[in-house]
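Comments concern the structure below.
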Amino acid sequence: MLKIFHGLVALMLLSASAHAQGLAMHGAPKYPADFDHVGYANPDAPKGGQVIQSFPGTFDSLNPFAIKGTAAQGLQLYYDRLMARAWDEPFTMYPLIAQKANVPDDRSSITFHLDPRAKFRDGSSITAADVIFSFETLRDQGRPNMRRVYKLVAKAETPDARTVKFTLGEGYDRETVMILAMMPVLSKTWWKGRTFDSALLQPPLSSGPYAIASVDPGRRIVYERDKNYWAANLPVNKGQYNFDRIVYDYYRDDTVALEAFKAGNVDLRREFNAAKWDTSYDIPAVKNGDIIKESIPHARTERLTALIFNTRRAPFDDITVREALSHMLDFRWINANLFRNQYKRAASYFPNSNLAASGVPKTAEVALLSPWKDKLPVRTFGRAWEPPDVRDQADLRNHLRQADALLKRAGWIIKDGKRVKASDPSKRLTFEMIVNQREDEKIALQFAANLERLGITMTIRVLDSAAFTGRLNDYDYDMVLHYWQNTLSPGSEQMSYWTCDAREQKSRWNYSGICNPAIDSLTKGIAQSKTREDLEARVHALDRALTWGWYMIPLYYSGVDNVAYRQFLSHPAQTPVYGFTFETWWAKGPEKPDVDIKANKR
């Protein structure tokens, strides 16, 4: 009878783990507690086959959570987390290692109840001790974003072997519990006696859907599907992780990787270069259908690539100068001549999403902006900002006149064909832009040519990756061509982008050097949003304040994921809002022969 009782208890626990509610950042999860699979996955997708992808560069570590080393591609296939994201919602987590999570209304704590089926690859159970070890290790030795969030935990408790409670301390926000739910779980036993914060080429014990079959450091990593993966049939995983083998081959640069794809040595390639997408795939394999070239639309927030003013330095501490120079970028010419009209012009810090401000401010936005009328340009309270648009060369003369008038208002006049300070004609308006790619240099050259017509000299310095990163981290530039990356669920990371504190801290992301109490207030309120409607109002208000501050000249975004792949590959018809989702793809056959484990010469 006792055995029957224990069996019934175990059955109840297993049932609960497969039918537990998700955890949403705002509102309710899309999927009910008894959902079978996510809508963008095919639950009947066949298992088997292999796929080879390429990546430029090199790697020397299998630990993506440590600061040291360059982690290999694909390690998200190797490590499980407490809960898993669904990519057709802005930010919702569903049961994985944690079968459920309890969170109070004020989100001051989160309690994870671990699935009793959760196991590492050697068959050992994942316990609360492993979660606490992971938390403490990543808090003290993990990547900076993990350290920052995990240090908001005031107390970590383990009421029993399958329960972990994190109580939050000062400085937490409503997003903190979500970040904790994304925690990878490491094996305490395996890591005992090993150094965590170092490059690692021995595969750690893990619990993800794939094992590491072989590693050729810097050249190739091969993953093999774990056919005994404990979570294969959980709703959040069903229909996913379908390939028996996934290979990442490394090449010295992307041009070589593209040629490898054309030669048949790579099966799937994401193309991030619009000009290449338009011109480099005119090959027989595309024409005869052996290669499928597909632009997959998405609705996620795209990165904002821009020419960024450093307002820590003159003359870009003057908003009028920044506005004047914004008239001199001929985006239409750049898009046509450099990118073959493959891009759209960004007009927001949150392009391609409903987080971008539009029209006149709604009531909720006005309420957020009104207390800061004396700190924001008056145009912030009108229609949403749009970048100056040079329609053609004739229209460029009109923009020249507008820019000239603005510069004169700011105290910069023309003398002997040069733009000089009216109060000190010996002081010329000159500055430097740094870039780290030759393709970016072409954009800078077009901008520089237009500035010359205003009597302004802009020099361009192309730096290698190390030098560029060093100067970016030190804010050592006048202007930089770079980007910010936002998501559909902005949160506490916004304080690293736009606030006065971030302006003074090196190696953050306040590239413009923004410091405005109004923007500080709007930014800090985002992570405390209790509803999606509240979040959108706050982000719209912030977007208005940022864009009307003329802190950057926006460039481009695409709104699609460009993917080229061989005809034996397939994917679901439905694409989630976040776009390309590799884990849902499969091989439809015939199955390719096993990959040669030996590294290719490149």
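Could you tell me which residue of the range 538-571 is nearest to A444 (Cα to Cα), considering only residues that are out of contact with any strand residue (DSSP E or B) (no Cβ under 9 Å at 6 or more places or on another chain) and open to solvent by 10 Å² or more (accessible area, probe 1.4 Å)?
W548
Please pick out the residue among N228, N265 that is within 30 Å of Q342 (Cβ to Cβ), open to solvent by 40 Å² or more (accessible area, probe 1.4 Å), at pLDDT 95 or above and not in a strand (DSSP E or B).
N265
I'd like the full set of residues that are on the phi < 0 side of the Ramachandran plot and either in contact with a helix residue (DSSP H, G or I) (Cβ under 6 Å, 6 or more places away or on another chain) or not in a strand (DSSP E or B) (or both), limited to the range 545-570.
Hits for the range 545-570 are A545, L546, T547, W548, G549, Y551, I553, L555, S558, N562, Q567, F568.
Give, as residue ranges, the helices (runs of 4 or more DSSP H) completely inside the range 130-195 that count at least 2 residues that are touching a helix residue (DSSP H, G or I) at 6+ places or on another chain (Cβ under 9 Å) and within 26 Å of R532 (Cβ to Cβ).
Once the helices (runs of 4 or more DSSP H) in the range 130-195 are filtered for at least 2 residues that are touching a helix residue (DSSP H, G or I) at 6+ places or on another chain (Cβ under 9 Å) and within 26 Å of R532 (Cβ to Cβ), what remains is 144-150, 176-181.
Pull up the range 419-440, narrow it to residues that are touching a strand residue (DSSP E or B) at 6+ places or on another chain (Cβ under 7 Å) and surrounded by fewer than 17 Cβ atoms within 10 Å (Cβ to Cβ), then point me to the one that is farthest from R313 (Cα to Cα).
R438
Using beta carbons and a limit of 7 Å, which pairs, at least six apart or on different chains, have the first residue in the range 186-204 and within 27 Å of L114 (Cα to Cα) and the second one of a type in the set (S, T, N, Q) and not in a loop (DSSP other than H, G, I, E, B)?
Taking only residues 6 or more apart or on different chains, the pairs are L186/S134; L186/T137; F196/T137; F196/Q141; D197/Q141.
Say whether the condition of being more than 27 Å from K442 (Cβ to Cβ), modelled with pLDDT of 95 or more, out of contact with any Ser or Thr (no Cβ under 7 Å at 6 or more places or on another chain) and not in a loop (DSSP other than H, G, I, E, B) is met by at least one residue in the range 311-330.
Taking every residue of the range 311-330 in turn, at least one turns out to be more than 27 Å from K442 (Cβ to Cβ), modelled with pLDDT of 95 or more, out of contact with any Ser or Thr (no Cβ under 7 Å at 6 or more places or on another chain) and not in a loop (DSSP other than H, G, I, E, B).
Please find, within the range 281-301, the residue that is least open to solvent (accessible area, probe 1.4 Å) out of those that are under 20 Å from L338 (Cα atoms) and in contact with a strand residue (DSSP E or B) (Cβ under 8 Å, 6 or more places away or on another chain).
Y281
Taking the range 111-129 as the search range and keeping residues that are closer than 16 Å to P159 by Cβ and part of a loop (DSSP other than H, G, I, E, B), which one is nearest to the chain's Cα centre (by Cα)?
T127
Please report, ordered by residue number, the helices (runs of 4 or more DSSP H) entirely within the range 407-500 with at least 1 residues that are within 27 Å of N516 (Cα to Cα) and modelled with pLDDT of 95 or more.
Hits in the range 407-500: 465-473, 494-498.
Just the residues that are assigned to a loop (DSSP other than H, G, I, E, B) and small (G, A, S), please, taken from the range 501-531.
Correct list: S507, S512, G513, A527, S529.
Being assigned to a loop (DSSP other than H, G, I, E, B) and surrounded by 14 or more Cβ atoms within 10 Å (Cβ to Cβ) narrows it down to one residue among A384, A403, A364; which is it?
A384
The values are calculated or read from the model by the stated rules, or taken from the named source; none is laboratory data. As the structure is a prediction and not an experimental result, all values here were calculated from the model. With ideal geometry, Cβ positions are generated from the backbone for all residues, glycine too; neighbour counts draw on all protein chains shown. To get the accessible areas, we keep the full protein, side chains included, count just its heavy atoms, and leave off ligands, DNA and RNA. Shrake-Rupley method; radii C 1.70, N 1.55, O 1.52, S 1.80 Å.
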